[in-house]
Protein chains: 2
Amino acid sequence: MGRWQPNSRGRLEQAALELYVERGFAQTTVTEIARQAGLTERTFFRYFADKREVLFSGSAELQEVLIGAVAGAPEQAAPIDAVAAGLDAMGGVLRDLPRSRRRQSVISANPELQERELAKLATLSTAVADTLRGRGVQEPAATLAADAGIAVFRVSFERWIGGPDDGELRRFIKDSLAELKAVTSAS
Amino acid sequence: MGRWQPNSRGRLEQAALELYVERGFAQTTVTEIARQAGLTERTFFRYFADKREVLFSGSAELQEVLIGAVAGAPEQAAPIDAVAAGLDAMGGVLRDLPRSRRRQSVISANPELQERELAKLATLSTAVADTLRGRGVQEPAATLAADAGIAVFRVSFERWIGGPDDGELRRFIKDSLAELKAVTSAS
DNA sequence: CCGTTGATGTCAGGAGCTGACATCGCTGGC
DNA sequence: GCCAGCGATGTCAGCTCCTGACATCAACGG
């Protein structure tokens, strides 16, 4: 056994989510989170850039899955279809509906956290646009297709969270994508 | 003459923009801004919720113009065309290219400000979606059309900022919207 | 066996932000 | 004209977020 308990980062994440759910984001201090994880405030800030970031550690992995699928789409696939492949892959990763619901309830209750979530989604969008350009898609088509794709994800995620307990995110994504195409092709 | 100089809010906004441009957002303290405006830090926080908000006071007005035009679009217009009308109206309001460039240079240099900007754009998107629903558009079409519209605005604004000194935002919006339709109707 | 490394702790301090209360010209009723 | 209340601002204390500098000490490698 080492000098310290293992997995400090994970303990901090769990402690933070528990306390945020229990008493709210604003009413929880970083000192309390660290204390609950058996660490100090200073160590918290060595793992996370700020008090919000602790809720978004999974976004890096999600991004890898997303752009991996976009990059791996058939070479002749249209931009929007490559994006669709990426979204579908994300839908395959996000399977823990109860956890997503708890996390989202915390975020929905706090504007600062909503800002950070928007920033994360924007990062995803930028990464997708970069990947599309790597496939030869020109601007501004790459950015527009990426942004539209992220919009589809947001809508789908929300419907998944608010849907039945046995709902599958991938299905909502499929439906919303069809809606997007219908909407933008109008007129 | 009153007990105090008039237009405290405006003086704070101007002082903040000047200092942010001059020495950067992070290197400017609220106390310095207030001092430059002939006020105290406490008064700054009476006018603005936080240090970032002082750069976004115009967004409320912009939102009114946007949703006013969306609501005023011909009754039989498709959702995406109502959104297009709103974007065009915004393009008519944003005419001061040099000022937009200075402001945007500050925002681009600071992640915290980019987060706030994303939040403001998200607010616009939500307002547009609400207005579309008021026109009888169902979900998720309303949200998707609104999000796609905001994506078009972002792309257009960026191209306007980076374009020639005599560029007109409205023209970039027109072009980007056409691109969006082309991209999403593919496959 | 010892020097280095790396995760953590300790401490001091600046800056953002808030609540409570004070100040004092201005305004309206009398 | 006088006075009471209002409202914009100031003053002050204090919490929390976040950072830099330095200390600690088990584990690891030579």
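The values are calculated or read from the model by the stated rules, or taken from the named source; none is laboratory data. Just so it is clear, the structure is predicted and the values come from calculations on it, not from any experiment. Virtual Cβ from ideal backbone geometry, glycine too; neighbours counted across all protein chains shown. Note: accessible area is taken over every heavy atom of the protein model, side chains too, but ligands, DNA and RNA are not part of it. Shrake-Rupley method; radii C 1.70, N 1.55, O 1.52, S 1.80 Å.
General observations
- Cα gyration tensor, region B:102-187 - rounded (a/c under 1.5), prolate or oblate: oblate
- The Cα-based radius of gyration of region A:63-135, divided by its Kirkwood radius, gives an Rg/Rh of 1.06.
- Net +/- balance of residues flanking residue B:103 in space, Cβ distance below 13 Å, scoring K and R +1, D and E -1: +2
- Euclidean distance of C-alpha centroids, region B:108-181 and region A:130-180, integer Å: 17 Å
- Shielding value for B:170-178 is 1, the average number of Cβ atoms from other chains within 10 Å of each residue's Cβ.
- Here the dipole of region B:8-54 is about 140 debye; that uses its Cα centre as origin and unit charges on the Cβ of Lys and Arg (positive) and Asp and Glu (negative).
- A simple spin-label model places the labels of residue B:46 and residue B:123 2.2 nm from each other, with each point 7 Å out along Cα-to-Cβ.
- Relative contact order for chain A, counting Cα pairs under 8 Å that sit 6 or more residues apart, in percent: 20 percent
- Proximal lysines relative to residue B:120, as straight alpha-carbon distance under 21 Å, when same-chain residues fewer than 8 apart are discounted: A:120, B:51
- Computed [θ] at 222 nm, helices only, for the protein assembly as shown once each DSSP H run of length n ≥ 4 contributes -39500 (n - 2.57): -23000 deg cm²/dmol
- As an equivalent ellipsoid, region B:139-180 spans semi-axes of 24, 8, 6 angstrom, where each value is the square root of five times an eigenvalue of the C-alpha gyration tensor, largest first.
- Prolate/oblate/rounded label for the protein assembly as shown (Cα gyration tensor, a/c 1.5): oblate
- Drop in accessible area of at least 50 Å² in the complex versus isolated chain, residues of region B:113-147, 1.4 Å probe: B:115, B:118, B:140, B:144, B:147
- Share of carbon and sulfur in the accessible heavy-atom surface of the protein assembly as shown [1.4 Å probe, %]: 49 percent
- In region A:8-54 the Cα-Cα distances spread across 5 Å bins starting at 0 as 5, 27, 41, 22, 5 percent of all pairs.
- Buried solvent-accessible surface, both chains (B, A), 1.4 Å probe, Å² to nearest 100: 2700 Å²
- Position residue B:162, label points 7 Å along Cα→Cβ, spacing to each other copy in nm (shortest first, one decimal): 3.6
- Applying D = kT/(6 pi eta Rh) to chain B, where Rh is the Kirkwood radius over alpha-carbon pairs, T corresponds to 4 °C and eta to 1.567 mPa s, the Stokes-Einstein value obtained is 72 µm²/s.
- Mean Kyte hydropathy of 0.5 or more with a Cα span along the axis of at least 27 Å, helices from DSSP in chain A: A:141-162
- Aspartates and glutamates whose Cα lies under 16 Å from that of residue A:174, excluding same-chain neighbours fewer than 8 positions away: A:81, A:88, A:158, B:139
- Using a 7 Å Cα-to-Cβ projection, residue B:27 label spacings across copies, nm, ascending: 4.2
- Ascending list, in nanometres, of distances separating the residue A:110 label from those of the other copies (7 Å, Cα toward Cβ): 2.2
- Distance between the modelled labels on residue A:27 and residue B:133, one decimal in nanometres: 2.8 nm (7 Å Cα→Cβ projection).
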